[in-house]
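What follows draws every value from the coordinates through simple rules; no lab data is involved. Keep in mind that this is a model prediction, so the values were computed, not measured. Virtual Cβ from ideal backbone geometry, glycine too; neighbours counted across all protein chains shown.
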Ligand SMILES: Cc1ncc(COP(=O)(O)O)c(C=O)c1O
């Protein structure tokens, strides 16, 4: 079969190992997964109820325009409905942006390395030119990114917080960066972990969309709202950009249960509050545990922590798997001695630290 070399060279996205798979492989009974930055307390109960109530209507196609969810989001975010596009996960919107704006061989996309792996994967699947700028001190190197922007640059992806480091860029840095970028280059600020980042350092990402026609913001229901399995995310951008994306997307890209669940999750203030409390407490527990073990970590603005074991990360990852703890080795992200752990529940965090101590012999 004839296939382009860029497809042959594609390495599929390595998802966090599923719990059931590890149980099967190693014959383990108790397995915890802290590998994919999912919400450890489960989905929003209001979303679950709304989905149950809707189940007998799934013989109908979903609302292709996502009218009610977009209207609800528009109210919540104080933007127009025409500024919002829904996607089958924010992953789909990343793909739509690439399909809409990377249309000629010269078109380029820029992103950091390491950052969310899907930017690279989609650009490569389309055979498009990608420029990867190494992080500097675990943060986006905005001045280097800006230097590399050329007349061919159509898209720049910046995840804030960055996955996998959990670091952010500050408002003044972002202002300086965006100022002067050509209107034909779309700056995508991927705020998948919005809500987790607090403090006066944390930038108001939406304000950059409000002030710049060429800024597009991505968000997801997969993290804060606990709806990763439903696959639903959204983008906020200039009406003209959203209109183009709508022409490219499939007519029923977001299923009805996802739309119904997402609307209910937005109202579930109690679930959001609990999620953020658990994350804050868990983060503090893990920071203290790492400090006790003399393990360096990067303070995070998200629900995961990058830490450095100063030895082969893959080995620690595999030993933890044998104890029923799934986290992520960062070897493939260029950090050979680092791992990333999702902040879990109190019990999960404790079990993870106990097992980490055992496998590291401390
Ligand atoms: C930075 C970043 N952007 C986007 C996504 C994709 O989210 P979704 O589940 O909505 O496709 C993730 C998921 O881990 C992420 O870390």
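For residue 3 and residue 141, FRET efficiency with R0 = 25 Å and r from the beta-carbon atoms, rounded to 0.05? Let's see the in-between values first.
Details: r = 35 Å, r/R0 = 1.38.
According to the calculation, E is roughly 0.15.
Could you identify which residue out of 284, 38, 76 has the top mean-square fluctuation in a GNM of the chain using Cα springs shorter than 10 Å?
Greatest mean-square fluctuation among the candidates belongs to 76.
Enter the Cα centre distance for the pair the stretch 194-210 and the stretch 297-339, rounded to the nearest angstrom.
Between the Cα centre of the stretch 194-210 and that of the stretch 297-339, the gap is 27 Å.
With 24 Å as the cut-off, how large is the P(r) tail for the stretch 210-313, expressed as percent of Cα-Cα pairs? Intermediate results must be reported in sequence, preceding the final value.
Details: 2603 of 5356 pairs.
Summing the P(r) tail past 24 Å for the stretch 210-313 gives 49 percent.
Relative to 2.2 N^0.38 Å, what does the C-alpha radius of gyration of the chain come to as a ratio? Two decimals please. Can you show the working numbers first?
Working: Rg = 20.5 Å, N = 362, 2.2 N^0.38 = 20.6 Å.
For the chain, the normalised Cα radius of gyration comes out at 0.99.
Would you mind putting 198-207, 255-264 in packing order, based on average other-beta-carbon counts within 10 Å, highest first?
Values: 198-207: 13.4, 255-264: 22.3.
Descending mean neighbour count gives 255-264, 198-207.
For the stretch 1-24 and the stretch 42-70, write down the distance between their C-alpha centroids in whole Å.
So the two Cα centres are separated by 30 Å.
Could you grab the relative contact order for the chain? Cα pairs under 8 Å, six or more apart, rounded to a whole percent. Spell out each step's value before the answer.
Values: 653 pairs, mean separation 86.3, N = 362.
It comes to 24 percent, rounded to a whole number.
Nearest 5 is fine: what % of DSSP beta bridges in the chain come out antiparallel, could you say?
Details: 19 of 40 bridges.
Antiparallel bridges make up about 50 percent of those DSSP assigns within the chain.
Based only on other Cβ atoms within 10 Å, what is the fewest-to-most ordering of 322, 271, 140? Write down the numbers at each step before the final one.
Working: 322 12, 271 22, 140 25.
In increasing order of surrounding Cβ atoms, one gets 322, 271, 140.
Could you put 9, 159 in order, starting from the residue whose Cβ has the fewest other Cβ atoms within 10 Å? If you can, show how the numbers build up before the last one.
On the way: 9 8, 159 25.
Neighbour counts put them in this order, fewest first: 9, 159.
Sorting 7, 298, 168 on the 10 Å Cβ count, fewest up front, what's the list?
On the way: 7 11, 298 19, 168 25.
Lowest to highest Cβ neighbour count: 7, 298, 168.
Calculate the length of the line joining the C-alpha centroid of the stretch 130-162 to that of the stretch 89-113, in whole Å.
One Cα centre to the other: 14 Å.
Starting from the eigenvalues of the Cα gyration tensor, five times each then square-rooted, give me the equivalent ellipsoid semi-axes of the stretch 44-153, largest first, whole Å. All intermediate terms of the calculation are to be shown ahead of the outcome.
On the way: eigenvalues 247, 58, 45 Å².
The equivalent ellipsoid of the stretch 44-153 has semi-axes of 35, 17, 15 Å.
Return the calculated 222 nm mean residue ellipticity for the chain, to the nearest 500 deg cm²/dmol, obtained by summing -39500 (n - 2.57) across DSSP H runs with n ≥ 4 and dividing by the residue count. Intermediate values should be presented prior to the final figure.
Details: 14 runs with 147 residues, N = 362.
Mean residue ellipticity at 222 nm (helix-derived): -12000 deg cm²/dmol.
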